[in-house]
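Reading through the structure tokens given below for one structure.
The values are calculated or read from the model by the stated rules, or taken from the named source; none is laboratory data. Given the structure is predicted, the values throughout are model-derived calculations rather than measurements. Because the Cβ atoms are built from the backbone with ideal geometry, glycine has one as well, and the counts that use them run over all protein chains shown. Keep in mind that these areas ignore ligands, DNA and RNA; they rest on the heavy atoms of the full protein, side chains included. Shrake-Rupley method; radii C 1.70, N 1.55, O 1.52, S 1.80 Å.
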Amino acid sequence: MFDGVAKRYDLTNTVISGGQDYYWRWATRKALALRPGERVLDLAAGTGVSTLELAKSGAWCVAADFSQGMLAAGRFRKVPMVAGDAMALPFADESFDAVTISYGLRNVADPDLALREMLRVTKPGGRLVVAEFSTPTFALFRTVYMEYLMKALPAVAKRVSSNPDAYVYLAESIRAWPTQTQLALRIADAGWSSVKWRNLSGGAVALHRGFKLD
């Protein structure tokens, strides 16, 4: 499915988010608090546009994704890219100072296993940031948002996406995804400590951050 949307993936994301995807990537980089020279894994990185944003920090960043089509579409970007399964990451224990996954955890067959794998490849004292679509905090906005997801988003995708049917799945997966509190509990159950979250865009997106204890 993601191979099929790769060609116009970045454009489609910008259109359906009203340009907020730029802000969300910036906020994710800030939440990671990266320092020059650190090693960072950007999981479910797609075409690597998120990895480029992370690299602005001076950290060494690698893009990893299950979809080789997505990686191929972003090959022109000057970041290291690796094809890999989030449930069996092709990296040694304690390889990274930080790990992040943006809008990809929903698409993993076993998100809890993926969270444990991310913990495994993170150094003691390292951190995790999960950027994911979430549950708007205001009732009226939540109603409008869900209407947009289920009706308007697929219609917009038909105009700009190379595989509009994939965005029907996108809308359904967002609607079925855990709330901010539920996801925080799952991240903690996977072994991450001091898990907190910050809502973006009224809770349409949430950034969850956790740490690996020494």
Anything in the stretch 85-97 that is open to solvent by 50 Å² or more (accessible area, probe 1.4 Å) and either in contact with a Leu (Cβ under 8 Å, 6 or more places away or on another chain) or under 17 Å from Ala131 (Cα atoms) (or both)? List them, or say none. Met87
May I ask you to list the residues in the stretch 185-214 that are at pLDDT 95 or above, over 15 Å from the mean Cα position of the chain (by Cα), surrounded by 15 or more Cβ atoms within 10 Å (Cβ to Cβ) and in a helix (DSSP H, G or I)? Arg186, Ala188
Inside the stretch 1-49, counting only helices (runs of 4 or more DSSP H) that do not spill past its ends, which hold 2 or more residues that are open to solvent by 70 Å² or more (accessible area, probe 1.4 Å) and at pLDDT 95 or above? 20-32
Filter result for Thr100 (open to solvent by 30 Å² or more (accessible area, probe 1.4 Å) and hydroxyl-bearing (Ser, Thr, Tyr)): no
Breaking point among (1) within 23 Å of Lys212 (Cα to Cα); (2) open to solvent by less than 50 Å² (accessible area, probe 1.4 Å); (3) in a helix (DSSP H, G or I), for Leu71: (1)
If the requirement is being β-branched (Val, Ile, Thr) and over 23 Å from Trp177 (Cβ atoms), which of these qualifies: Val62, Val99? Val62
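Residues checked against (1) on the phi > 0 side of the Ramachandran plot; (2) without any contact (Cβ under 8 Å) to a residue 60 or more places away in the chain:
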{"position": "Ala88", "(1), (2)": "no, yes"}
{"position": "Glu94", "(1), (2)": "yes, yes"}
{"position": "Ala98", "(1), (2)": "no, no"}
{"position": "Ile101", "(1), (2)": "no, yes"}
{"position": "Arg106", "(1), (2)": "no, no"}
{"position": "Arg127", "(1), (2)": "no, no"}
{"position": "Pro136", "(1), (2)": "no, no"}
{"position": "Leu140", "(1), (2)": "no, yes"}
